[in-house]
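Notes for the one structure printed next.
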Amino acid sequence: MTGAPQAADEDMRALFGPSVAVFAALRGPEHAVEEANPAFAATIGDAPATLRSELDEVYRTGEPRTAHDVRIGELSFDFTCEPRRDAEGAVTGVRVIGVDTTQVRQAQWLMAEHRALLEQIARQAPLAEVLDGMARCIEQLAPEEVLVSVLLADADGRHLHHGAAPSLPAFYNEAIDGIATGDGVGSCGTAAHRREPVIVTDIAADPLWADFRDLAGRAGLAACWSTPILGRDGGLLGTFAMYHRAPRVPQESDLALARVFAGTAALAIERAEADRRAAAAAELAARVRTAAAALAARPRPEHCQLGGADGCTAAAELKIADSWGDSAWGCPEHVEEAILHVRSVFIASEDLGGLVAYVNR
């Protein structure tokens, strides 16, 4: 497989990450460490008190035991404890095998929240609600403190506007609302301009932040990794940014997380835009029907005049005009097309004023 599906699979693997295994052979009822791999010494230490009850039970009964989600500091492990026996079968100690599941658990929680966000999008939840929920989800579940921001691009892709940033200071959100896209406009403006991720690991020293360094300092921000949010056609939809309170270099799992949720934001934004367009189309169709009824008794040509070189044999039902004073009669289909694609075209109606309102403005 190639392309987007393969990239998404790779991001998921990066999120789940490799598992670290620990091993130790313990001796006697005091569970003295007789042999251990470096990972065990680094994470568990010489006195595995956390597993004391499981170790005591295995040593006493000679039966293996398992322990899940055992917290040791900031880490989470699944352990299997098995008896060690001498040549006569007597229990002499316990063998411990553990797998670090910290990153796996974090990724599983994140993916559960990700599925919930996709369900929100499918239910056509408001865009602001989806983006705010996404930002809070990442902030709560990420293993290290992170502040998430989503900026939305305007129609021409030249400016970015506030989308969601629940943990950034209000003054900061207000200051960057409407920033231009371009090289040197912080992480987000630059990422939007280049259409590629921009990783700034130290805002205080990076030239891209020259114009925003003081603002970031007042907000207590020291690093910003920004990923452009792109539509299916490659068009700019916005940016997804992860801020940190201290300078920080991202791990591959951080970059995978950004790509996954930038893709989710793209789905939400495109769905909201599709809904907006559908609502606008429905509103326009209703206006056309109302205007056609109002103009039904007025003199008109027999056929639509908006069919171009090929002509149109449909009945002329509506008169449209533009700000230059040109007007024509057309069928509902061509009238809607003209209103959507020709600047300043409106339905010429006596009730709405039409050209009279324009001439006497």
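List of remarks:
- In Hz, Karplus ³J(HN,Hα) per residue of segment 239-250 (6.51, -1.76, 1.60; θ = phi - 60°; x = Gly, Pro): 9, 10, 10, 10, 9, 9, 7, 10, x, 7, 9, x
- Summarising the amide proton neighbourhood of Gly238: residues at separation of 5 or more, or on other chains, whose placed amide H is nearer than 5 Å comprise Ala153, Ile229.
- Cα gyration tensor, the chain - rounded (a/c under 1.5), prolate or oblate: prolate
- Comparing Asp69, Asp233, Asp78 in a Gaussian network model of the chain, where Cα atoms under 10 Å apart are tied by springs, the biggest mean-square fluctuation is seen for Asp233.
- Its Cα centre serving as origin, the chain has a Cβ charge dipole (Lys and Arg +1, Asp and Glu -1) of approximately 620 debye.
- Computed with a 1.4 Å probe over protein heavy atoms only, the accessible surface of the chain comes to 53 Å² per residue.
- Percent carbon-and-sulfur accessible area, segment 276-328, ignoring ligands, DNA and RNA, probe 1.4 Å: 53
- Protection proxy ranking, highest mean first, for peptides 331-339, 174-182, 119-127: 331-339, 174-182, 119-127, where packing is the per-residue count of other beta-carbon atoms within 10 Å, averaged.
- Distant-in-sequence amide contacts of Ile179, defined by a placed amide H-H separation under 5 Å and a gap of 5 or more residues or a different chain, comprise Leu160.
- Rounded, prolate or oblate (a/c below 1.5 giving rounded, otherwise prolate when a/b exceeds b/c) for segment 43-173 by Cα gyration tensor: prolate
- Highest-MSF residue in the chain out of Ala278, Ala262, Ala191 [GNM, Cα springs under 10 Å]: Ala278
- Within the chain, helices built from complete DSSP H runs that reach 15 Å or longer along their own axis (Cα positions) and carry a mean Kyte-Doolittle hydropathy of -1.0 or higher are 4-16, 102-122, 127-141, 252-294.
- Sulfur and carbon atoms: percent of accessible area, segment 114-210 [1.4 Å]: 49
- For Leu318, nonlocal amide neighbours, meaning residues 5 or more places apart or on other chains whose placed amide H falls under 5 Å from its own, are Gly330.
- Residue-by-residue Karplus 3J(HN,Hα) for segment 312-323, coefficients 6.51, -1.76, 1.60, Hz, glycine and proline x: 8, 8, 5, 5, 6, 10, 10, 9, 10, 9, 10, 6
- Karplus 3J(HN,Hα) series, Hz, for segment 78-88 with 6.51 cos²θ - 1.76 cosθ + 1.60 (x for Gly, Pro): 9, 10, 10, 10, 10, x, 9, 10, 8, 4, 8
- Result for the chain in a Gaussian network model with C-alpha springs under 10 Å: among Leu152, Leu26, Leu267, the largest mean-square fluctuation is at Leu26.
- By the Cβ-Cβ criterion of under 4.7 Å, the unpaired cysteines of the chain are Cys81, Cys137, Cys188, Cys224.
- Classification of segment 126-261 by its C-alpha gyration tensor yields a rounded form. The axis ratio a/c (a ≥ b ≥ c) stays under 1.5.
- Electrostatic dipole magnitude of segment 59-140 [Cβ: Lys, Arg +1; Asp, Glu -1; Cα centre; debye, to 20]: 200
The values are calculated or read from the model by the stated rules, or taken from the named source; none is laboratory data. Owing to the predicted nature of the structure, the values given are computational and were not obtained by experimental measurement. In this analysis, Cβ positions are derived from the backbone assuming ideal geometry, glycine residues included, and neighbour counts consider all displayed protein chains. Protein only, heavy atoms only, side chains kept; ligands, DNA and RNA dropped before computing areas. Shrake-Rupley method; radii C 1.70, N 1.55, O 1.52, S 1.80 Å.
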